[in-house]
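Take a look at the structure below.
What follows is calculated from the coordinates using simple rules that are stated; it is not laboratory data. Computed from a prediction, not measured in an experiment: that's the story for all the values here. Note that we place each Cβ from the backbone using ideal geometry, even for glycine, and neighbour counts take in every protein chain shown.
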Amino acid sequence: MNIPKNNSLIAGTAMADITPPLAVGLLTSSVQERWAPFESLRLPLKARVIYLQYGAEKFVLISLDLIGLTDGVVGGWDQFKSLLSDIVPPERIVITCTHTHNAPETISLTDLYKKDQFHTWLNDVRSKLKSAISSAISHSCSCTISYGIDQLAGFSLQRRIPSAKGIIMSDSIQPIAKELMAREPVDHRVHALQINTLEGTAVATIVHAICHPVHEMCLPQISPDFPGELCNALDQRPDSGMSMFLNGAAADTNPPTVSMGEAYAHEHGLALANVVQQIAKKANLIDPPVFAFVHKEIKFQTRLQEDDLCNNTAYLNILCLGQLALVFLPGEIFVETSLAIEAASPFDKTIVVGFSESSIGYVPSLKIFAEGGYETGPGKWSFLQQEAEAMLITEVSEMLSQLHTLKN
């Protein structure tokens, strides 16, 4: 891990359509391991690629309008990424997913990934990603990067609700009462990174917010949900460049309008876009944007005894730009876990991105295991050892300290 000495940030972007055929279906029940074909296309699914270089250090960030990806689904995580670029090494390519539930079932909760139509589509996605990375590199130029933060309330809540029957999901008690919207923990922050050419032309806008994209869950239509609506709104604005959405620690955060349809997804996305536009007006330049990266892999034990379960390796990645650290974590991370990582970080600003790399399912704390609820499983959606969350915090905190010491 070397920190480059020159002070020029290079950036480039590319986008690809990864919309599947309708036969490559959506998840309809994780507990019952069911999927069903889509019936229609509402909005296409996209892959969004940002290439960054600082001196000799190269990095590629990919955001996919997918629910997630797993080692088992792609036929081996390291092999899958090694085929994406001849220029950037696989450990310097980080894949994140927006976690839209109206994309194909790509996290091995069902047998869809074993179907021929799925393999054909996934091979096409991989080919498009390789082309997009190549395009982003070839169109890169010297840039500046700025950062800002604001909030958006009213579109997300703590979804785990105590009841006489134990922990239940917020969407089971519609309509959502005002007091439920105020329950903690919940994180309404919106972070935005703006990349511009040295002449001031917008290259990319990276948006980080926290919420499950489930406004359209189980509706049989292909859709990127609110992250896609956000990106579509920003893409139409000349001061945004190509937009990218990064979801945060959203394991226990839902909108109040689960499965209520596209109008709510559109409203949520547009509200986020308007907040981002306000952030851009007061964003602060990261100068110099000293670029560094650290990667680590750890393997957890599991609570399941299934021969075909091979998704227990956590690929951890941290990218720092100046005093801003982006922590990319696999699986579904809870709000309190994210806040604990932030509190222990030596960086001025730390942003935790969930749904990154090969999914490892939900990562509950011991407190959440004691409370129970859907997120604790056990099942293909929640299968790691109960100590995994504490181990994750320890590993990431050490990585952040290592990176901060090296850069300073």
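Computed from the C-beta positions of MET169 and GLU395, the FRET efficiency with R₀ = 41 Å rounds to 0.85. Relative to the longest principal Cα axis of the chain, at what angle does helix 388-407 sit, 0 to 90 degrees, rounded to 10? Value to nearest ten degrees: 0.
For the residue pairs LYS81/LYS115; LYS165/LYS299; LYS281/LYS367; LYS46/LYS380; LYS46/LYS281, the alpha carbons lie more than 30 Å apart in LYS165/LYS299; LYS281/LYS367. About the Cα centre of segment 9-407, how large is the charge dipole given +1 on each Lys and Arg Cβ and -1 on each Asp and Glu Cβ? Please answer in debye to the nearest 20. Magnitude of the dipole: close to 400 debye. Judged by the mean number of other Cβ atoms found within 10 Å, the most tightly packed of the peptides 89-102, 154-167 leads the ranking 89-102, 154-167. Amide H to amide H, with H built 1.01 Å from N, LEU9 comes under 5 Å of CYS143, counting only residues 5 or more places away or on other chains. What's the angle, to the nearest 10 degrees (0 to 90), between helix 262-282's Cα axis and the longest principal axis of the chain? The answer is roughly 30 degrees. Placing a label point 7 Å from the Cα of ASP86 along the Cα-to-Cβ direction, none of the residues of segment 44-60 has a backbone N under 12 Å of that point.
Projecting the alpha carbon convex hull of segment 9-407 along each direction and taking the average yields 17.7 nm². Take the Cβ atoms of VAL31 and THR120, set R0 to 30 Å, and the FRET efficiency comes out at 0.60. For VAL352, the shell of other residues with beta-carbons less than 10 Å away shows a net charge of -2, using +1 for Lys and Arg and -1 for Asp and Glu. For the chain, the longest principal axis of the C-alpha atoms and the axis of helix 225-235 are separated by about 20°. Each part gets one Cα centre, and for segment 144-211 versus segment 216-251 those centres are 13 Å apart.
If we count every other residue with Cβ under 13 angstrom of CYS97's Cβ, Lys/Arg +1 and Asp/Glu -1, where does the sum land? Let's see the in-between values first.
On the way: positive: LYS46, ARG48; negative: ASP65, GLU105, ASP225, GLU332, GLU357.
Summing Lys and Arg as +1 and Asp and Glu as -1 gives -3.
Taking the Cβ-Cβ separation of ALA56 and LEU304 as r and a Förster radius of 51 Å, what is the calculated FRET efficiency to the nearest 0.05? Working shown, then result.
On the way: r = 42 Å, r/R0 = 0.83.
Efficiency for this residue pair is about 0.75.
Local charge for GLN278 was computed over the other residues whose Cβ lies under 13 Å away, with Lys and Arg +1 and Asp and Glu -1, and equals +1.
Only bridges with both residues in the chain count here: give the DSSP antiparallel percent, nearest 5.
Working: 63 of 83 bridges.
Of those bridges, close to 75 percent are antiparallel.
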